[in-house]
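Enquirer: Here's a structure for you.
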Amino acid sequence: MNIKTSELFAAVYNDVYNDILQHKHERYTFNGGRASCKSSFISLMIVILIVLHPNYNAVIVRRYSKSLRRSVFNQIVWAINKLGLRQKKGQKTGFKIPKSKTIALPITYVRADGTEQIIDFVGLDDPEKLKSIKTEYGYTAILWVEEKTEVDPTNLHNLIISALRGGDTFYTFESFNPPSAKRHWCNTELKAEDKHRRIVFTTYKDIPRAWLGVNIIHDIITTKKNNKRAYENIYEGKATGTGLNIFENIQLREIKDDEIQSWDETLQGIDWGYYPDPYAYGSMHYDAKTATLYIWDELYLYKHGNDEAFKKTAEHMEAHGMSIYEDRQTADRAEPKSVADYRKWGGDTRRAIKGKGSRDAGFKWLQGLRAIVIDPVRCPHAADEFTLYEHEIDKRTGEIMEGYPEGQPDHFLALTRYATEQTWRHAGA
């Protein structure tokens with residue numbers, strides 16, 4: 001198997017590539033900033049190890065089964081295609097990719113002698129599947145825990161024991177972006193000594209710029225300009241939290257399609273922007289019985305005029321089962337022309353009431369909810385803003401400053417207040 005590594009992954013991964021091939025460690029923990037190609041590298045290594053070792057099989061896990069297909073499954077398919085190992089019509093050897101577009105079914109590698117190895121995908125919300133995995137040839141030698149922050153630390157050890165069995169040589173890959181909270185278990189666990197583990201830290205700075213893409217580069221630049229602490233956490237992979245989170249009721253998890261379909265009402269908000277501030281749209285649902293807000297959809301645009309933004313939002317809403325013409329959007333009243341444009345084009349777009357003290361009242365209501373559930377895959381910007389929004393410390397006195405800070409990214413925070421305005425005003429917040 002001849003591999004030109006420079007075309008597959010950045011030079012920063014060369015040493016760990018050789019380390020893995022020589023099996024110098026059993027556990028590899030990949031952490032660092034967003035856009036550092038951690039998942040791409042791991043997926044390539046899993047495919048390579050399967051091809052090199054006829055008795056190896058692999059299991060890839062995430063917390064929720066529903067997230068497997070559009071994340072790690074697609075990542076493995078990308079690696080197979082990148083390596084040119086997909087089974088073509090008329091060929092007996094290669095990786096067979098299942099045709100399902102909704103479920104992450106096992107991917108099979110067929111060898112010249114007819115033996116088959118599998119790469120299986122398991123959600124931790126379906127533990128019985130992990131127990132029932134059977135391999136016809138060889139044993140499960142490889143485990144990849146993607147988005148390690150989703151996994152309960154008490155279950156990680158049991159997961160490794162349950163998944164890896166039946167052989168002598170094992171690989172465990174873990175990947176995650178460090179949470180902002182320094183006390184988060186994934187951050188503190190990095191300090192634990194383990195001679196069998198290698199920790200690999202990378203950021204976007206280690207990746208060739210041409211590989212990143214225009215959208216990622218743009219987001220890096222604007223985040224760095226607007227909020228240095230958020231930039232350091234998201235893109236430099238630093239645990240920047242002060243422990244002074246304003247919203248302590250955040251739950252980051254997948255919001256499933258059947259949950260969304262069960263809602264009788266969704267609330268939409270818009271925060272106007274062009275550049276460097278983005279145009280932001282979001283959709284959510286409030287369950288008054290449980291005092292829980294579910295944030296499930298977002299759209300961020302840069303350098304889009306009103307006509308372009310309207311078309312993009314209309315297309316986005318339609319793709320998610322809504323209509324810009326029928327489903328009300330509450331938008332920042334600071335730009336009456338933008339609201340008027342949307343209404344002229346048929347949008348059911350209303351101006352937020354706002355008014356003196358509305359910002360603090362809206363935030364106070366959000367803080368008082370039992371939970372704010374955010375799907376971090378569907379809504380990465382919302383997840384970032386809510387989890388990174390923190391009280392500031394007076395540099396002169398060292399004391400915590402009262403009120404809600406200005407200057408931290410708050411585009412989704414703002415549109416959330418607009419979207420839920422009728423609810424929290426009625427509640428007397």
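Each value in this text was obtained by applying a stated rule to the coordinates, not by laboratory testing. In this text the structure is predicted, and so the values were computed from the model without any measurement. Cβ placement follows ideal geometry from the backbone for every residue including glycine, while neighbour counts extend to all protein chains displayed.
Enquirer: Explain nothing, just compute: Karplus ³J(HN,Hα) = 6.51 cos²θ - 1.76 cosθ + 1.60, θ = phi - 60°, for every residue of the range 24-35 in order, whole Hz, x for Gly and Pro.
Expert: Working through the residues one at a time gives 6, 9, 9, 10, 10, 9, 9, 9, x, x, 5, 6 Hz.
Enquirer: If you don't mind, another one. First check a/c for the range 1-48, with a ≥ b ≥ c the square roots of the eigenvalues of its C-alpha gyration tensor; if it is under 1.5, answer rounded, and if not, answer prolate when a/b is larger than b/c or oblate otherwise.
Expert: oblate
Enquirer: Rounded, prolate or oblate: which fits the range 356-429 when a ≥ b ≥ c are the square roots of the eigenvalues of the alpha-carbon gyration tensor, with rounded for a/c under 1.5 and prolate only if a/b beats b/c?
Expert: Because a/c hits 1.5 or more and a/b fails to exceed b/c, the range 356-429 counts as oblate.
Enquirer: Based on DSSP H assignment, which helices of the chain show an axial Cα extent of at least 20 Å together with a mean Kyte-Doolittle hydropathy greater than or equal to 0.0? Could the numbers behind the result be given before it?
Expert: Values: long enough: 38-52 (21 Å, 2.41).
In the chain, the long hydrophobic H runs are 38-52.
Enquirer: May I ask for the percentage of alpha-carbon pairs in the range 5-215 that lie more than 22 Å from each other?
Expert: Numbers: 10849 of 22155 pairs.
It works out to 49 percent of all Cα pairs.
Enquirer: Using the alpha-carbon centroid of each, what span in Å lies between the range 242-259 and the range 325-377?
Expert: 20 Å
Enquirer: Quote the relative contact order of the chain in percent (integer), defining contacts as alpha-carbon pairs under 8 Å separated by 6+ residues. Before the final figure, lay out the partial values.
Expert: Values: 737 pairs, mean separation 69.0, N = 429.
Relative contact order, the chain: 16 percent.
Enquirer: Under 8 Å for C-alpha pairs, at least 6 residues apart: give me the relative contact order for the range 5-215, rounded to a whole percent. Could the numbers behind the result be given before it?
Expert: Working: 341 pairs, mean separation 70.0, N = 211.
The normalised contact order for the range 5-215 reaches 33 percent.
Enquirer: Within 10 Å, Cβ to Cβ, of Glu150, how many net charges do the neighbouring residues add up to if Lys/Arg are +1 and Asp/Glu are -1? Present the calculation step by step, with values, prior to reporting the outcome.
Expert: Numbers: positive: Arg62, Arg63, Lys148, Arg253; negative: Glu146, Glu147, Asp152, Glu254.
So the surrounding residues net to 0.
Enquirer: What's the local net charge at Phe73, with K and R +1, D and E -1, over the other residues with C-beta under 13 Å away? Intermediate results must be reported in sequence, preceding the final value.
Expert: Values: positive: Arg62, Lys66, Arg69, Arg70, Lys99, Lys101; negative: Asp120, Glu146.
Taking every other residue near Phe73 into account, the sum is +4.
Enquirer: Something else: Rounded to the nearest 0.05, what FRET efficiency is calculated for Tyr325 and Gln91 with R0 set to 45 Å and r the Cβ-Cβ distance?
Expert: 0.35
Enquirer: With a/c under 1.5 counting as rounded, go ahead and sort the range 1-90 into rounded, prolate or oblate using the C-alpha gyration tensor (a ≥ b ≥ c being the square roots of the eigenvalues; past the cut-off, prolate if a/b is larger than b/c, else oblate).
Expert: Details: a/c = 1.32, a/b = 1.03, b/c = 1.28.
Rounded, because the longest to shortest axis ratio a/c is under 1.5.
Enquirer: Something else now. Could you list, in their original order, any pairs among Lys129/Lys289; Lys96/Lys191; Lys38/Lys311; Lys38/Lys225; Lys24/Lys228 whose Cα atoms are separated by more than 31 Å?
Expert: Beyond 31 Å between Cα atoms: Lys129/Lys289; Lys96/Lys191; Lys38/Lys311; Lys24/Lys228.
Enquirer: Report, please, the projected area of the range 181-338 averaged over directions, based on the convex hull of its C-alpha atoms, in nm².
Expert: Mean projected area of the Cα convex hull: 13.3 nm².
Enquirer: Further question: Among the lysines, which fall within straight-line cross-link reach of Lys224, defined as a Cα-Cα distance under 19 Å, with same-chain neighbours fewer than 8 residues apart omitted?
Expert: Straight-line reach from Lys224, under 19 Å: Lys205, Lys238, Lys303.
Enquirer: Pop a pseudo-label 7 angstrom from the Cα along the beta-carbon direction at both Glu259 and Asp15 and give the gap in nm to one decimal.
Expert: Spacing of the two 7 Å Cα→Cβ label points: 4.1 nm.
Enquirer: Using Cβ counts within 10 Å as a stand-in for footprinting exposure, how do Cys379, Cys186 rank, fewest first?
Expert: With the fewest neighbours first, Cys379, Cys186 line up as Cys186, Cys379.
Enquirer: Separate question: Per the Kirkwood formula on distinct C-alpha pairs, the Rh of the range 143-238 is how many angstrom?
Expert: Working: mean 1/r = 0.0636 Å⁻¹.
Every distinct Cα pair counted, the radius reaches 15.7 Å.
Enquirer: Hey, got a sec? Which trypsin sites (Lys or Arg not before Pro) in the range 238-299 land in a DSSP loop and have at most 11 other Cβ atoms within 10 Å? Don't skip to the answer; put the middle values down first.
Expert: Numbers: sites: Lys238, Arg253, Lys256, Lys289; in loops: Lys238, Arg253, Lys256, Lys289.
Sparse-neighbourhood loop trypsin sites (Lys or Arg not before Pro): Lys289.
Enquirer: Let me check I've understood the local charge: for Gln117, count other residues with C-beta under 10 angstrom from its C-beta, Lys and Arg +1, Asp and Glu -1. What total comes out?
Expert: Charge balance in the 10 Å sphere: -1.
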